[in-house]
1. Restricting the first residue to segment 173-187 and requiring it to be within 10 Å of Ser274 (Cα to Cα) and in contact (Cβ under 8 Å) with a residue 60 or more places away in the chain, which pairs with a second residue that is of a type in the set (Gly, Ala, Ser) and crowded, with 17+ Cβ neighbours inside 10 Å meet a Cβ separation below 6 Å and a spacing of at least six or different chains?
2. If I filter segment 62-82 for residues that are of a type in the set (S, T, N, Q), under 22 Å from Val12 (Cα atoms) and either within 16 Å of the ligand (Cβ to nearest atom) or in contact with a His (Cβ under 9 Å, 6 or more places away or on another chain) (or both), do I get at least one hit?
3. Restricting attention to segment 47-76, which residues are touching a strand residue (DSSP E or B) at 6+ places or on another chain (Cβ under 7 Å) and aliphatic (A, V, I, L, M)?
4. Only one of Ile272, Ile260 is in a helix (DSSP H, G or I) and touching a helix residue (DSSP H, G or I) at 6+ places or on another chain (Cβ under 8 Å); which?
5. Going by what's in this entry, would Arg102 be described as within 13 Å of the ligand (Cβ to nearest atom), open to solvent by 30 Å² or more (accessible area, probe 1.4 Å) and farther than 30 Å from Ser193 by Cα?
6. The conditions are (1) open to solvent by 70 Å² or more (accessible area, probe 1.4 Å); (2) hydroxyl-bearing (Ser, Thr, Tyr); (3) within 16 Å of the ligand (Cβ to nearest atom); (4) within 24 Å of the chain's Cα centre (by Cα), and Ser2 fails exactly one of them. Which is it?
7. Across segment 47-64, which residue is nearest to the chain's Cα centre (by Cα) among those that are within 15 Å of Lys109 (Cα to Cα) and open to solvent by 20 Å² or more (accessible area, probe 1.4 Å)?
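The values are calculated or read from the model by the stated rules, or taken from the named source; none is laboratory data. Model, not experiment: these values are computed from the prediction. Please note: Cβ atoms are built from the backbone with ideal geometry, for glycine as well, and neighbour counts cover all protein chains shown. Each accessible area value is taken on the protein alone, full model and side chains, heavy atoms only, with ligands, DNA and RNA left out. Shrake-Rupley method; radii C 1.70, N 1.55, O 1.52, S 1.80 Å.
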Amino acid sequence: MSWEKFTEQPRVAEILSRSLRHDRLAHAYLFTGPRGVGKKQMAIHLTKSLLCTRFEADACDECLNCRRINSGNHPDVYTISPEGESIKIDQVRSLQKEMTMRSLESPHKVYILEHIDKMTLQAANSLLKFLEEPPAGVIALLLTENSHAILPTIVSRCQVIPFSPLSASELVRRLAAEGIPAGVASVASQITSHLDEAREISQSDGFAQLRSIVIQLTKEIKQRSSSALFTIHEQFLKNDRLKEELSLFLDLLILWLRDILYVQVGRHAQLINSDQRDVLEGQALQWTQGELLHGIGLTMDTRSRIGRNANPQLALERLVLQLQEGL
Ligand SMILES: [Zn+2]
């Protein structure tokens with residue numbers, strides 16, 4: 001594995017490999033970004049690249065150092081993650097002890113701290129002192145999914161490296177690899193760029209139910225009957241569990257209206273609800289492009305009004321009536 005393989009994080013790989021080549025590594029880095037974007041993998045790769053005995057500023061994955069780092073037992077590399085709920089001061093103390101001992105093998109020592117937002121205040125203060133006076137050759141790699149939960153004094157001692165969220169296509173690929181149907185994965189990947197959230201959305205019972213209410217609703221709206229409002233009441237508002245998911249419901253509605261528009265302009269390759277193509281083609285005959293654009297705008301507006309504490313039930317009823325009126 002070399003730096004070029006980090007195709008999802010090219011900017012991060014470029015910054016780190018360049019600093020390493022020019023011997024300008026900072027003594028502490030803070031890797032921030034959601035779960036699943038490769039922070040730990042990048043930390044391990046940087047460590048191997050620093051200690052690899054065969055390659056200059058990259059990792060061979062074959063030398064003794066690379067192999068020991070891969071298996072987690074290199075004497076100059078120390079990894080800490082929360083014990084139970086938090087990283088405790090004793091863990092930071094033993095880390096400091098390890099790091100201040102002179103290395104017998106190389107001029108560098110590296111410590112990787114995972115989930116550093118989970119440090120107790122004592123542990124964080126102890127780490128802060130260590131970051132202020134780092135021993136020569138020691139490099140700190142601090143990882144977090146939650147950078148705003150870290151003491152600003154710690155952040156200011158580190159070079160902050162933000163990792164990009166996963167791209168939608170990468171997200172779909174990973175969800176599909178876990179056995180989630182492609183159509184569902186594709187919709188979930190448009191709603192969040194976090195793998196865990198996307199998985200949760202995909203697997204929730206509500207997701208499939210909400211999507212089918214959206215499909216039914218957009219059909220009924222065009223029939224200009226009272227059944228659309230009835231559907232909203234009976235299937236959505238009366239179901240407490242689904243009602244909790246109002247913003248997901250509105251997101252699904254926006255994606256659905258957008259897909260109808262894509263069908264109308266012949267951009268089938270861009271369909272998000274690609275598993276519902278037949279239904280979309282049917283509905284594309286009932287909506288005009290103007291109505292769709294207007295409907296997307298109205299739905300976005302409803303979403304932000306609810307975000308500003310509008311009454312959800314009234315806002316939703318109003319939306320349905322406005323969609324029925326068309327332009
Ligand atoms: Zn190596």
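1. Cβ pairs passing all conditions: Val184/Ser202.
2. Residues of segment 62-82 that are of a type in the set (S, T, N, Q), as a first pass: 65, 70-71, 73, 79, 81.
Pick out the ones that are also under 22 Å from Val12 (Cα atoms) and you get 70, 79.
Pick out the ones that are also either within 16 Å of the ligand (Cβ to nearest atom) or in contact with a His (Cβ under 9 Å, 6 or more places away or on another chain) (or both) and you get 70.
Checked against the condition, which is being of a type in the set (S, T, N, Q), under 22 Å from Val12 (Cα atoms) and either within 16 Å of the ligand (Cβ to nearest atom) or in contact with a His (Cβ under 9 Å, 6 or more places away or on another chain) (or both), segment 62-82 yields at least one hit.
3. Leu50, Ile69
4. Details: Ile272 fails: in a helix (DSSP H, G or I).
Going through Ile272, Ile260 in turn, just one is in a helix (DSSP H, G or I) and touching a helix residue (DSSP H, G or I) at 6+ places or on another chain (Cβ under 8 Å): Ile260.
5. On the way: within 13 Å of the ligand (Cβ to nearest atom): no; open to solvent by 30 Å² or more (accessible area, probe 1.4 Å): yes; farther than 30 Å from Ser193 by Cα: yes.
In short, no.
6. Unmet for Ser2, out of (1) open to solvent by 70 Å² or more (accessible area, probe 1.4 Å); (2) hydroxyl-bearing (Ser, Thr, Tyr); (3) within 16 Å of the ligand (Cβ to nearest atom); (4) within 24 Å of the chain's Cα centre (by Cα): (1).
7. Start the filter on segment 47-64 by keeping residues that are within 15 Å of Lys109 (Cα to Cα), which leaves 47-53.
Cutting the leftovers down to open to solvent by 20 Å² or more (accessible area, probe 1.4 Å) gives us 50, 53.
Numbers: Leu50: 28, Thr53: 35 Å.
Looking at the filtered set, the residue picked out is Leu50.
For every residue, the table says whether it meets (1) part of a loop (DSSP other than H, G, I, E, B); (2) open to solvent by 30 Å² or more (accessible area, probe 1.4 Å); (3) touching an Asp or Glu at 6+ places or on another chain (Cβ under 7 Å); (4) modelled with pLDDT under 95.
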| site | (1), (2), (3), (4) |
| --- | --- |
| Gln276 | no, yes, no, yes |
| Thr299 | no, no, no, no |
| Arg303 | no, yes, no, yes |
| Ala315 | no, no, no, yes |
